[in-house]
1. Over segment 51-143, calculate the relative contact order: mean separation of alpha carbon pairs under 8 Å at least 6 apart, over the residue count, as a percent.
2. In nanometres, what is the gap between the two model label sites at V167 and K188, each 7 Å from Cα along Cα-to-Cβ?
3. Y286: accessible area at probe 1.4 Å, nearest 10 Å²?
4. Around E93, which amide H atoms from residues at least 5 apart in sequence, or from another chain, sit under 5 Å from its own amide H, with H modelled in the peptide plane?
5. Beyond 31 Å between alpha-carbons counts as too far, so tell me which of K188/K328; K130/K327; K174/K327; K205/K257; K130/K205; K130/K180 fall in that bin.
6. If you take every residue apart from I86 with its C-beta less than 14 Å away from the C-beta of I86, what net charge results, scoring Lys and Arg +1 and Asp and Glu -1?
7. Expressed as a whole percent, how much of the Cα-Cα distance distribution for segment 210-287 exceeds 18 Å?
8. Quick one: with all protein chains in place, what share of the accessible area of segment 169-299 is carbon or sulfur, to the nearest percent (1.4 Å probe)?
Amino acid sequence: MSGRETAGVCHVAWWCSGGVIVIILRRFAILALGLLPLLAHSAFSQTQTEVKAHRVGLLSAGGPFTDTSEVVVGLTAGFSKRGYVIGRSLRFERRAAEAHVDRLPRLVDDLKSEAELIITNAYAAARVVKDRSNVPVVAITGADPVATGLIDSLARPGGNITGIGEVAAELSAKRLEVLKDTFPGLRKIAMLWNADDLGMTGRYKNAEAAARTLGFEIQPLGVREPEDFAAAFAAMVRDRPDAILMVTDALTGLNRKRVFEFAAEHKLPAIYEYDFLVRDGGLMSYGPDMSEVYDRAADLADRILRGARPANLPFEQPTRFRLIINKKTLETLGLTIPAAILMRADEVVE
């Protein structure tokens, strides 16, 4: 074969092999493009699997936690501020006793197998978790945690509980001072509280001591179940007080509308402990800024999820407090209050 023929054969061979390579490359490219969605989905699924969602229990002694509940909204904001994505990197397991304290043990037993940490919104719930579980607890409570035996001390709680709670004695005195400044002629105050709750009984005693110091006569009205409210109202009809102070827990909170209606019917001023009660129709409240409370609770929970022990995290107390007045309820009651009180209010609900 001549050199020219050889060159021609080589050229043809090169062209043929080059064509084969081009075809192979094209087919590979098409195959790769087809696999891209599958590869992307696989990578996304793997990422999803790798994100470990922390499970935090929310235990209510009262009504159920909904997405719009103040506590859920507040805790969601607090956790989000610390980098958690609710529903992905952190999930809430919600349980509620509906003011039936006897249901709490079963709910705690259920949660302790589901959650790494439990946040409670009442003394009674925190007490049951402490007694039945070693699961870390962040307690949001108005009860004195030391006096009730929930913790050893504010600085070093011990055990599996830390949290944030009120300075009950000082707050009780402040609420009564606000009531006295608003309605100077008051003499007798009816105090409504859950007498079956150790924490709320302590709150009542703090309020009673503060009231006597301020020169008020006390009408004690302890309730233990929803049926007891009728008897409490009847007692106030027989022996009319000048005002009402309601100590808030699951029982009184779930029956708050009945208290609002009684106060409206009998034109009685009433002071409550938390602002949500005023937004629901109560006259006025003085208490902790709950946005701060929920933020601090989320911070304590975050530290525990990162490895801290509740026993070593000081039990915190609120630093911000708010006076809220419902102007519409004031008008419904036919009452007037000093302009200075309205000026002092942090919020006036129209």
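The values are calculated or read from the model by the stated rules, or taken from the named source; none is laboratory data. Everything numeric here is computed off the predicted structure, so don't read it as measured data. Methodologically, a virtual Cβ is constructed for each residue, glycine included, from the backbone with ideal geometry; neighbour enumeration extends over all protein chains shown. Surface accessibility is based on the protein's heavy atoms, side chains included, excluding ligands, DNA and RNA. Shrake-Rupley method; radii C 1.70, N 1.55, O 1.52, S 1.80 Å.
1. Values: 167 pairs, mean separation 32.4, N = 93.
Once divided by the residue count of segment 51-143, the mean separation gives 35 percent.
2. Each label point is offset 7 Å from its Cα along the Cβ direction, giving 3.3 nm.
3. My reading of the accessible area for Y286 is about 40 Å².
4. When sequence neighbours closer than 5 places are left aside, the close amide H contacts are V56, G57, L58.
5. Numbers: K188/K328 24 Å; K130/K327 42 Å; K174/K327 21 Å; K205/K257 24 Å; K130/K205 24 Å; K130/K180 39 Å.
Long pairs (Cα-Cα over 31 Å): K130/K327; K130/K180.
6. Working: positive: R55, K81, R82, R88, R91, R94; negative: D67, E93, D302.
After counting each charged neighbour, the total is +3.
7. Working: 1158 of 3003 pairs.
Summing the P(r) of segment 210-287 above 18 Å gives 39 percent of all pairs.
8. Numbers: 2470 of 4950 Å².
Solvent-exposed carbon and sulfur of segment 169-299 make up 50 percent of the total.
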